[in-house]
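Q: Can you keep this structure in mind? I'll have questions shortly.
The values are calculated or read from the model by the stated rules, or taken from the named source; none is laboratory data. Note that the coordinates shown come from a computational prediction; the quantities given were computed from them, not determined experimentally. No Cβ is skipped: glycine too gets one built from the backbone with ideal geometry, and neighbour counts run over all protein chains shown. The area values use the complete protein model at the heavy-atom level, side chains included, leaving out ligands, DNA and RNA. Shrake-Rupley method; radii C 1.70, N 1.55, O 1.52, S 1.80 Å.
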Amino acid sequence: MHLPDLPLQVFTRGLAEAGALAVVEHRPRQQVLAASPAARACGVEPGMRVVGALAVAPGLVLRDRDVAAERALLAVLANCAGCFSPALSLDPPDCVMLEVGTCLRLFGGLAGLIERLADALAAQGLDVRLAAAPTPLAASWLALARPGRRIEAKPGWTEVLNDLPIELIARGGQVSKDNLTLLRGIGADRVGAIARLPRDALARREAVAVSAVLARARGEIPDPRPWYQAPPTHASRLLLPAPVDATEPLLFACRRLFAGLAAWLTVRLAAIDRCQVFLEHEDRPDTLIEIVTGEPGRCEARLGMLLREHLNRLELPAPVEALRLHADCPVFQPARSQDLFGDPHAARDGALRLVDRLCARLGNDAVFGLRLQDGHRPETAWSAMRPGHRPASGVQAAPGQRPLWLLDEPRPLAAIDELRLLSGPERIESGWWDGHDIRRDYFVARGPDDALWWIFRALDEPGGWYVHGYFG
Amino acid sequence: MSARATTLPAELLASGLIWQADRLASPAWPGWPTGFPVLDAELPGGGWPRDAIIELISDRPGIGELQLMLPMLRSSPPARWAAWVAPPFLPYAPALAASGFDLGRLLLIRPHDHARSIWATRQALNSGACHAVALWSRNIDASALRRLQLAAEASATPLFLYRPNAAARSPSPAALRLQLLARPDGLGVVILKRKGPVTHTLLRLALPSRLRRSPAHDALDSLAPARPAAAGIHPGPR
């Protein structure tokens, strides 16, 4: 898999539609390195001087080359491809090699695999050229020179390689520039010409590496590659070509970041329950949005929905220049095998998604569940908790009757003449250790309207009768 | 019209193609059992409707309005919430646990304003993850009621809507409206609206955990009807 124009893709990934954009490098001289299709239509070509490019397209947006972002994008591509096969290897600066021989059956053949891979890459916003061949080196050469070509391992497949331009063997650094000049000087401009050169003659000119490279591409000698390992934490950054302060473009860009996060989680067989999104501004410190989901999961749609709720509530202090996503402490969660008759976990996921949605819009303190606590005082016999968790049982039940409704603060009663005391008194005297000690006699009383109230008489100063609950 | 409805052949009546005005509607699904046989007998489908708003009108707390809902909530399947939106007071956990309710399924939502309560109720209904939703609202307008009705129908989740007494006079799209009255030995229920014939009987429901002076049994207590019944049509319990 080859990412063409990688310096340019770093910037255009975050946009639905890139305008006239060109990437500039400053060494060896200030020239245009890559240009977007809109810029090319104006006449800007890679290799032009910057002054010339601006003369041709006055509305051109220029960005400096960002090498770290290019490496990060390659890692994103690796994560995305890692969802399909675990055998992955990077070929810097802009290629990734995926070993698929063992998973072809799962995806229904090479054509099915390439289609699904193309869909996944499009969802990430990456423009990738694919090619398939029996050896990794041949596959990378084909991706660079003949994208879309797929070669099966039939006898005689190496004939295809003979037609490729000779500059390809210089990738990887094993063949030096002098060797390349030598080969061009003797008139070998296709790869096939190297095969006919005598080995000892090449050795005398210190160009043995050339034939070694060709042998590896043909599969005659093995070509071991280091496997790619996904990093333990995930941090990705997306540069926006122009400062943005509307919600929709931010959500669109974040969708790419979340897709990358989901791919990294799949490769690591993990799930997370919190992540941080940083909105970078030009002159101010970054704005942090912390997204917390109830249960660890990898669903990017859920994260996107929660981010939408957070952004709707947030006031942006300044336009956003770049987005950063950070996630650490993943939890190991192997994938569930598919059930033939529907997912039994779908009901539970729907329930948790509802809680996340409510918390994101109403705030965390407006949504809660109840749990029992050990305590004689009515206020301490319960506490709020995250809904749905089942706490350990073993709390003793109260001896007397308890009402279904409890008032937040006991309401003083003017007089108790209209009330008929039905049961009681139940003396509750407790809490001297934290300063909220109470000494109360609780009664169940019937009010004048036949409702049942839970009232108490406070025995400390100043005393008096209070209503504390209703038997709903 | 003759008072004797038996002139029609029995198989025609039993086929369900003819509905007579003194019969309760039979909905597509049976209702959730309310836990009170006296009330089940008066409701179409033999229980709470599965996809409608159930209005419970009462003016004061403490008469047993929560206990009316609890038997149905106790029987909810696992991994389904019982969502309570904007309750007027705090539901007390020890009492709920003592009545057999599973606290791990309770989802309490206390938004800051009324519009958010309506939004939260709609989200809970639309998610399909709730066994039942209860909303306490002092003044709710007709368009919000209509939206909640559509949400309840779409996801087949019952919504228990607690409203004050003043709401009994205004029309509502709810399929079932019950007026709750305080009674010394239980809860009195008058059915204001149902899919069936009009009835004015006061149903007396025995609440298990309330103190009673004398052991009471379920009894039907007829109030005088507002106007004399038209000749030939007698509302009868089914």
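Yes/no matrix, rows are residues, columns are (1) over 17 Å from A:ALA131 (Cβ atoms); (2) open to solvent by 60 Å² or more (accessible area, probe 1.4 Å):
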{"site": "A:LYS154", "(1), (2)": "no, yes"}
{"site": "A:GLU167", "(1), (2)": "no, yes"}
{"site": "A:ALA170", "(1), (2)": "yes, no"}
{"site": "A:ALA188", "(1), (2)": "yes, no"}
{"site": "A:VAL208", "(1), (2)": "yes, yes"}
{"site": "A:VAL213", "(1), (2)": "yes, no"}
{"site": "A:ALA217", "(1), (2)": "no, no"}
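Q: Name the pairs whose Cβ atoms lie under 6 Å apart, with the first residue in the stretch B:178-191 and in contact (Cβ under 8 Å) with a residue 40 or more places away in the chain, the second part of a loop (DSSP other than H, G, I, E, B) and surrounded by fewer than 19 Cβ atoms within 10 Å (Cβ to Cβ), and 6 or more positions between them or separate chains?
A: Matching pairs, first to second residue: B:ALA182/A:ASP449; B:ALA182/A:ASP450; B:GLY186/B:ALA206; B:ILE191/B:THR199.
Q: Restricting to the stretch B:159-175, what's the tally of residues that are crowded, with 19+ Cβ neighbours inside 10 Å and among the basic types (Lys, Arg)?
A: 1
Q: Considering the stretch B:180-205 alone, what residues qualify as being outside any strand (DSSP E or B), more than 10 Å from the chain's Cα centre (by Cα) and among the charged types (D, E, K, R)? Show your work before the answer.
A: As a first pass, look at the stretch B:180-205 and keep what is outside any strand (DSSP E or B): B:184-185, B:194-201.
Those still in the list that are more than 10 Å from the chain's Cα centre (by Cα) too: B:184-185, B:195-201.
Those that are outside any strand (DSSP E or B), more than 10 Å from the chain's Cα centre (by Cα) and among the charged types (D, E, K, R): B:ASP185, B:LYS195.
Q: What do you reckon, is A:ARG357 touching a helix residue (DSSP H, G or I) at 6+ places or on another chain (Cβ under 9 Å), within 11 Å of chain B (Cβ to nearest Cβ) and open to solvent by 60 Å² or more (accessible area, probe 1.4 Å)? First the steps, then the outcome.
A: Numbers: touching a helix residue (DSSP H, G or I) at 6+ places or on another chain (Cβ under 9 Å): yes; within 11 Å of chain B (Cβ to nearest Cβ): yes; open to solvent by 60 Å² or more (accessible area, probe 1.4 Å): yes.
So A:ARG357 fits the description; yes.
Q: Another question about this same structure. Kindly evaluate A:SER176 against the criterion of being hydroxyl-bearing (Ser, Thr, Tyr) and either crowded, with 17+ Cβ neighbours inside 10 Å or more than 43 Å from the chain's Cα centre (by Cα) (or both). Break it down into steps so the answer makes sense when it comes.
A: Values: hydroxyl-bearing (Ser, Thr, Tyr): yes; either crowded, with 17+ Cβ neighbours inside 10 Å or more than 43 Å from the chain's Cα centre (by Cα) (or both): no.
Against the criterion (hydroxyl-bearing (Ser, Thr, Tyr) and either crowded, with 17+ Cβ neighbours inside 10 Å or more than 43 Å from the chain's Cα centre (by Cα) (or both)), A:SER176 does not qualify.
Q: Condition check: away from chain A (no Cβ under 11 Å), on the phi > 0 side of the Ramachandran plot and in contact with a Phe, Trp or Tyr (Cβ under 9 Å, 6 or more places away or on another chain). Does B:ALA156 satisfy that? Steps first, please.
A: Working: away from chain A (no Cβ under 11 Å): yes; on the phi > 0 side of the Ramachandran plot: yes; in contact with a Phe, Trp or Tyr (Cβ under 9 Å, 6 or more places away or on another chain): yes.
The answer is yes for B:ALA156.
Q: Suppose we keep only residues that are of a type in the set (S, T, N, Q) and either open to solvent by less than 80 Å² (accessible area, probe 1.4 Å) or in contact (Cβ under 8 Å) with a residue 24 or more places away in the chain (or both) within the stretch A:385-442. Which one would you say is farthest from the other protein chains (Cβ to nearest Cβ)?
A: Of the stretch A:385-442, the ones of a type in the set (S, T, N, Q) are A:393, A:396, A:401, A:423, A:430.
From what is left, the residues that are either open to solvent by less than 80 Å² (accessible area, probe 1.4 Å) or in contact (Cβ under 8 Å) with a residue 24 or more places away in the chain (or both) are A:401, A:423, A:430.
Values: A:GLN401: 7, A:SER423: 6, A:SER430: 15 Å.
For the stretch A:385-442, the residue satisfying everything is A:SER430.
Q: For B:ARG23, are the conditions met, namely being facing another protein chain (nearest Cβ under 8 Å), open to solvent by 60 Å² or more (accessible area, probe 1.4 Å), touching a Lys or Arg at 6+ places or on another chain (Cβ under 8 Å) and in contact (Cβ under 8 Å) with a residue 12 or more places away in the chain?
A: Numbers: facing another protein chain (nearest Cβ under 8 Å): no; open to solvent by 60 Å² or more (accessible area, probe 1.4 Å): yes; touching a Lys or Arg at 6+ places or on another chain (Cβ under 8 Å): yes; in contact (Cβ under 8 Å) with a residue 12 or more places away in the chain: yes.
So B:ARG23 fails the test.
Q: Tell me, yes or no, whether the stretch A:296-311 has at least one residue that is under 21 Å from A:LEU358 (Cα atoms), assigned to a strand (DSSP E or B) and without any contact (Cβ under 8 Å) to a residue 24 or more places away in the chain. I'd like the intermediate steps shown before the answer.
A: First pass over the stretch A:296-311, keeping only residues under 21 Å from A:LEU358 (Cα atoms): A:296-311.
Of the ones still in play, those that are also assigned to a strand (DSSP E or B) are A:296-297.
Restricting the remaining residues to those that are without any contact (Cβ under 8 Å) to a residue 24 or more places away in the chain gives none.
Scanning the stretch A:296-311 turns up no residue that is under 21 Å from A:LEU358 (Cα atoms), assigned to a strand (DSSP E or B) and without any contact (Cβ under 8 Å) to a residue 24 or more places away in the chain.
Q: Being touching a helix residue (DSSP H, G or I) at 6+ places or on another chain (Cβ under 7 Å) and open to solvent by 50 Å² or more (accessible area, probe 1.4 Å): is that true of A:ARG255 here? Walk me through how you get there before you give the answer.
A: On the way: touching a helix residue (DSSP H, G or I) at 6+ places or on another chain (Cβ under 7 Å): yes; open to solvent by 50 Å² or more (accessible area, probe 1.4 Å): yes.
So A:ARG255 passes the test.
Q: Sort out which residues of the stretch B:82-93 are facing chain A (nearest Cβ under 7 Å) and of a type in the set (A, V, I, L, M), and write them in order of number.
A: Just the residues of the stretch B:82-93 that are facing chain A (nearest Cβ under 7 Å), to begin with: B:89-93.
The answer is B:LEU90, B:ALA93.
Q: Looking at the stretch A:142-161, can you tell me whether even one residue there is farther than 23 Å from A:ILE221 by Cα and aromatic (Phe, Trp, Tyr)?
A: So far as the stretch A:142-161 goes, no, none of its residues is farther than 23 Å from A:ILE221 by Cα and aromatic (Phe, Trp, Tyr).
Q: Now, a different point. Within the stretch A:302-324, is there a residue that is under 12 Å from the mean Cα position of the chain (by Cα), of a type in the set (Lys, Arg) and modelled with pLDDT of 85 or more?
A: So far as the stretch A:302-324 goes, yes, one or more of its residues are under 12 Å from the mean Cα position of the chain (by Cα), of a type in the set (Lys, Arg) and modelled with pLDDT of 85 or more.
Q: Based on what the data block shows, is A:LEU288 open to solvent by 20 Å² or more (accessible area, probe 1.4 Å), hydrophobic (A, V, I, L, M, F, W, C) and in a loop (DSSP other than H, G, I, E, B)?
A: Details: open to solvent by 20 Å² or more (accessible area, probe 1.4 Å): yes; hydrophobic (A, V, I, L, M, F, W, C): yes; in a loop (DSSP other than H, G, I, E, B): no.
For A:LEU288, the condition - open to solvent by 20 Å² or more (accessible area, probe 1.4 Å), hydrophobic (A, V, I, L, M, F, W, C) and in a loop (DSSP other than H, G, I, E, B) - is not met.
Q: Condition check: touching a residue at least 40 places away in the same chain (Cβ under 8 Å), open to solvent by less than 80 Å² (accessible area, probe 1.4 Å) and facing chain B (nearest Cβ under 10 Å). Does A:VAL467 satisfy that? It would help to see each step written out before you state the result.
A: Values: touching a residue at least 40 places away in the same chain (Cβ under 8 Å): yes; open to solvent by less than 80 Å² (accessible area, probe 1.4 Å): yes; facing chain B (nearest Cβ under 10 Å): yes.
Taking the combined requirement at face value, the residue satisfies it.
Q: Hey, B:SER155 hits all of (1) among the hydroxyl-bearing types (Ser, Thr, Tyr); (2) crowded, with 21+ Cβ neighbours inside 10 Å; (3) closer than 28 Å to A:ARG353 by Cβ but one; which does it fall short on?
A: Only one criterion is unmet by B:SER155, namely (2).
Q: If you check B:LEU43 against the conditions, is it touching a residue at least 24 places away in the same chain (Cβ under 8 Å), surrounded by 21 or more Cβ atoms within 10 Å (Cβ to Cβ) and either of a type outside the set (Val, Ile, Thr) or within 12 Å of chain A (Cβ to nearest Cβ) (or both)? Reasoning before the result, please.
A: On the way: touching a residue at least 24 places away in the same chain (Cβ under 8 Å): yes; surrounded by 21 or more Cβ atoms within 10 Å (Cβ to Cβ): yes; either of a type outside the set (Val, Ile, Thr) or within 12 Å of chain A (Cβ to nearest Cβ) (or both): yes.
When the stated conditions are applied, B:LEU43 passes them.
Q: Report, by residue number, each residue of the stretch A:443-462 that is open to solvent by 40 Å² or more (accessible area, probe 1.4 Å), in contact with a strand residue (DSSP E or B) (Cβ under 7 Å, 6 or more places away or on another chain) and over 19 Å from B:LEU66 (Cα atoms).
A: Passing the criteria: A:ARG457, A:LEU459, A:ASP460.
Q: Any chance you could count how many residues in the stretch A:259-285 are over 22 Å from A:ALA78 (Cα atoms) and outside any strand (DSSP E or B)?
A: 5
Q: If you don't mind, another one. Restricting to the stretch B:71-81, and then to whatever is surrounded by fewer than 23 Cβ atoms within 10 Å (Cβ to Cβ) and in contact with a helix residue (DSSP H, G or I) (Cβ under 9 Å, 6 or more places away or on another chain), can you tell me which residue is nearest to the other protein chains (Cβ to nearest Cβ)? Spell out the reasoning first.
A: Start the filter on the stretch B:71-81 by keeping residues that are surrounded by fewer than 23 Cβ atoms within 10 Å (Cβ to Cβ), which leaves B:71-72, B:74-80.
In the following step, the residues that additionally are in contact with a helix residue (DSSP H, G or I) (Cβ under 9 Å, 6 or more places away or on another chain) were identified as B:76-80.
Values: B:SER76: 12, B:PRO77: 9, B:PRO78: 9, B:ALA79: 5, B:ARG80: 7 Å.
Among those that are surrounded by fewer than 23 Cβ atoms within 10 Å (Cβ to Cβ) and in contact with a helix residue (DSSP H, G or I) (Cβ under 9 Å, 6 or more places away or on another chain), it is B:ALA79.
Q: Do any strands (runs of 3 or more DSSP E) entirely within the stretch A:405-466 hold 1 or more residues that are in contact with a helix residue (DSSP H, G or I) (Cβ under 7 Å, 6 or more places away or on another chain), and if so, which? Break it down stepwise before answering.
A: Working: elements: A:405-412, A:420-430, A:438-446, A:452-458.
Output list reads A:405-412.
Q: Go over the candidates B:LEU178, B:LEU192, B:LEU96 one by one and state the one that is crowded, with 16+ Cβ neighbours inside 10 Å and either within 14 Å of chain A (Cβ to nearest Cβ) or in contact with a Ser or Thr (Cβ under 8 Å, 6 or more places away or on another chain) (or both).
A: Values: B:LEU178 fails: either within 14 Å of chain A (Cβ to nearest Cβ) or in contact with a Ser or Thr (Cβ under 8 Å, 6 or more places away or on another chain) (or both); B:LEU192 fails: either within 14 Å of chain A (Cβ to nearest Cβ) or in contact with a Ser or Thr (Cβ under 8 Å, 6 or more places away or on another chain) (or both).
Criteria check complete, one pass: B:LEU96.
Q: May I ask you to say which residue of A:THR247, A:THR266 is of a type in the set (S, T, N, Q) and over 23 Å from A:GLU321 (Cα atoms)?
A: Working: A:THR247 fails: over 23 Å from A:GLU321 (Cα atoms).
After applying the criteria, what remains is A:THR266.
Q: Count, please, the residues in the stretch A:363-384 that happen to be surrounded by fewer than 14 Cβ atoms within 10 Å (Cβ to Cβ) and of a type in the set (D, E, K, R).
A: 2
Q: I need every pair where a residue in the stretch B:106-133 that is more than 7 Å from chain A (Cβ to nearest Cβ) and within 22 Å of A:ARG302 (Cα to Cα) has its Cβ under 6 Å from the Cβ of a residue that is open to solvent by 20 Å² or more (accessible area, probe 1.4 Å) and of a type in the set (A, V, I, L, M), sequence separation at least 6 or different chains.
A: Once the first residue is more than 7 Å from chain A (Cβ to nearest Cβ) and within 22 Å of A:ARG302 (Cα to Cα) and sits in the stretch B:106-133, no partner that is open to solvent by 20 Å² or more (accessible area, probe 1.4 Å) and of a type in the set (A, V, I, L, M) comes close enough.
Q: Under 9 Å between Cβ atoms, which residue pairs at least 6 apart in sequence (or on different chains) link something in the stretch A:180-192 that is closer than 17 Å to A:TRP141 by Cα with a partner that is assigned to a helix (DSSP H, G or I) and of a type in the set (Gly, Ala, Ser)?
A: Pairs that qualify, where the first residue is closer than 17 Å to A:TRP141 by Cα and the partner is assigned to a helix (DSSP H, G or I) and of a type in the set (Gly, Ala, Ser), are A:LEU180/A:ALA170; A:VAL191/A:ALA217.
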